[in-house]
1. May I ask you to evaluate 6.51 cos²θ - 1.76 cosθ + 1.60, the Karplus curve with θ = phi - 60°, for each residue of the stretch B:210-215 and list the ³J(HN,Hα) values in order in whole Hz, giving x for glycine and proline?
2. Treating cross-link reach as a plain straight distance, find the aspartates and glutamates whose alpha-carbon is under 18 Å from the alpha-carbon of B:LYS261, omitting any fewer than eight places away in the same chain.
3. Under a point spin-label approximation (7 Å from Cα along Cα-to-Cβ), what is the B:VAL221-B:ALA286 distance to one decimal in nm?
4. Within chain B, which is the longest segment that contains none of the trypsin sites (Lys or Arg not before Pro) sitting in a DSSP loop with at most 14 other Cβ atoms within 10 Å?
5. Counting other Cβ atoms within 10 Å, which GluC sites (Glu not before Pro) in the stretch A:1-80 have at most 16 and lie in a DSSP loop?
6. Expressed in whole Å with the largest first, what are the equivalent ellipsoid semi-axes of the protein assembly as shown derived from the C-alpha gyration tensor as the square root of 5 times each eigenvalue?
7. Considering the options B:LEU318, B:GLY284, B:HIS268, tell which one lies farthest towards the positive end of the dipole of the stretch B:128-359, charges being +1 on Lys and Arg and -1 on Asp and Glu at the Cβ, about the Cα centre.
8. Going by a ≥ b ≥ c, the root eigenvalues of the Cα gyration tensor, does the stretch B:3-116 fall in the rounded group (a/c under 1.5), the prolate group (a/b larger than b/c) or the oblate group?
Amino acid sequence: MANVTIRIPTPLRSFTGGADEIEVRGSTVEQALTALGEQHAGILDYVLDEAGGVRRFVNVYLGDRNIATLDGLGTSVEDSAVLSIVPAVAGGAE
Amino acid sequence: MSVKKRRLEELRRTIEEVTPEDAWGLHKQGAALIDVREPDEVAGGIAVGARHIVRGFLELKIEDAVPDTGTPLLIMCASGARSLFAAEDLRNLGYDDVKSIVGGFGRWKDDGLPVEVPRVLNAEQRERYGRHLSIPEIGEEGQIKLLDARVLLVGAGGLGSPSAYYLAAAGVGTLGIVDDDVVDRSNLQRQILHTDDRVGISKVASARQTLQALNPTIEVVGYEDRLDSKNVERIFEGWDVVVDGADNFPTRYLVNDASVKLGLPNVHGSVYRFEGQVTVFWPGRADHPGPCYRCLYPAPPPPELAPSCAEAGVLGVLPGVVGLLQAVEVVKLLVGIGDPLVGRLLQYDALRARFIELRLERDPTCEYCGDGAVFPGYIDYEQFCRVAA
């Protein structure tokens with residue numbers, strides 16, 4: 001199991017008590033996200049769909065690479081890896 | 001004999017002279033043609049293919065124009081006298097093969113060699129854009145590109161305000177602004193194009209007033225419309241670059257889809273509280289095409305999963321940072337310099353004062369820009385929440 005940092009986007013920080021980074025343990029992206037969901041109930045509903053895949057308006061990056069271009073949720077993670085959850089954000093002008 | 005004549009005779013013994021016709025032949029074989037006359041002389045015409053470097057700056061600027069001192073140089077002035085002095089200076093500077101053109105531009109023209117009337121900046125433009133002209137990467141050529149450019153800004157709000165303001169200052173000749181809103185007092189915390197005494201008037205009218213007060217020489221084209229599937233392509237046609245500063249998903253998808261269809265670079269920015277993102281979506285780029293918005297996010301979130309409106313908000317300064325990063329990308333694209341943010345997402349975290357770069361890759365199966373994709377049409381997504389900013 002590797003120690004992994006997950007960067008939480010602003011819109012989801014209501015689930016993490018405002019924390020912008022959460023430390024978890026896991027050997028794959030999926031395990032790390034599951035650990036995040038266990039620590040902060042409800043957050044994964046915004047990241048994963050009913051079938052367990054990454055939602056279409058969310059991307060998950062390992063370092064600077066989108067996991068969709070690696071092995072998806074099965075991508076293995078090394079110690080001190082950084083995962084970023086990046087949802088689509090509309091805000092700009094009004 | 002005057003000292004001038006004596007000196008010119010000395011120079012003629014050491015500097016090789018060529019006729020305009022021979023110079024034209026040498027130029028076609030790769031020799032650099034340098035015109036050292038004054039700007040007002042060049043305004044009337046210049047040899048086709050010639051680089052204009054005014055005599056006073058010749059030694060300082062020649063290296064930018066001709067970096068290899070082994071490249072043969074052909075120097076031209078009006079009559080063939082100043083070019084002899086200039087040629088000697090360039091030889092002293094280290095250029096091995098420097099020739100002076102006999103009879104200068106006068107004889108070049110009389111001999112029927114090709115001439116063009118160059119686009120040059122007028123005195124007011126030289127003064128206004130002087131700090132651009134001193135940057136070799138921009139210079140007069142780059143400034144003319146900016147003056148000829150047409151940039152369409154979607155939204156005259158938090159992001160559009162700083163972008164449009166600086167693009168007007170930079171001399172982008174035509175700015176289009178799409179916004180159907182009116183100025184509200186709550187906008188003024190960040191939307192710096194507008195003013196307190198314009199609360200209640202259209203943002204397009206307010207923006208035009210501010211931009212033309214800063215730079216009366218540019219044109220502002222306003223569209224007091226909300227983008228939809230019917231008008232988006234009509235409004236987007238004929239622009240060089242699109243700047244997306246929208247505040248809602250339906251507009252962002254329309255901006256993306258029309259930019260993909262028309263092959264336009266889409267300079268995208270978004271803000272939320274203390275965080276901002278910038279990238280350039282440009283699948284139509286000739287070399288190294290990048291992804292489009294839909295490669296990343298094929299569809300907008302459903303209302304129940306979008307961040308709630310009540311939670312939204314933005315640090316007023318933040319869209320300033322993000323909108324100006326967008327403006328910098330626009331200038332780079334228009335002048336054709338640097339490495340654009342294509343295929344890269346720059347994330348700015350104001351609280352940590354940290355920039356993070358993520359790699360964005362094209363999705364070859366993207367419905368809109370994927371390999372062999374047939375444009376599926378525009379979609380009017382339901383407007384459920386106008387988030388923040």
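1. 5, 5, 7, 5, 6, 9
2. List returned: B:ASP228, B:GLU233, B:GLU237, B:ASP240, B:ASP244, B:ASP287, B:ASP363, B:GLU367, B:ASP371, B:ASP380.
3. 2.3
4. Numbers: sites that count: B:ARG119, B:LYS230, B:ARG352.
Here the longest run is B:231-351.
5. Numbers: sites: A:GLU21, A:GLU23, A:GLU30, A:GLU38, A:GLU50, A:GLU78; in loops: A:GLU50, A:GLU78.
Hits after loop and neighbour filter: A:GLU50, A:GLU78.
6. On the way: eigenvalues 585, 141, 74 Å².
Taking √(5λ) for each Cα gyration eigenvalue gives 54, 27, 19 Å.
7. Positive-most Cα among the choices belongs to B:LEU318.
8. On the way: a/c = 1.29, a/b = 1.10, b/c = 1.17.
Note, shape of the stretch B:3-116 comes out rounded.
Each value in this text was obtained by applying a stated rule to the coordinates, not by laboratory testing. What you see is a predicted model, and the numbers here were worked out from it, not measured in a lab. FYI the Cβ positions are ideal-geometry reconstructions off the backbone, even for glycines, and counts take in every protein chain you see.
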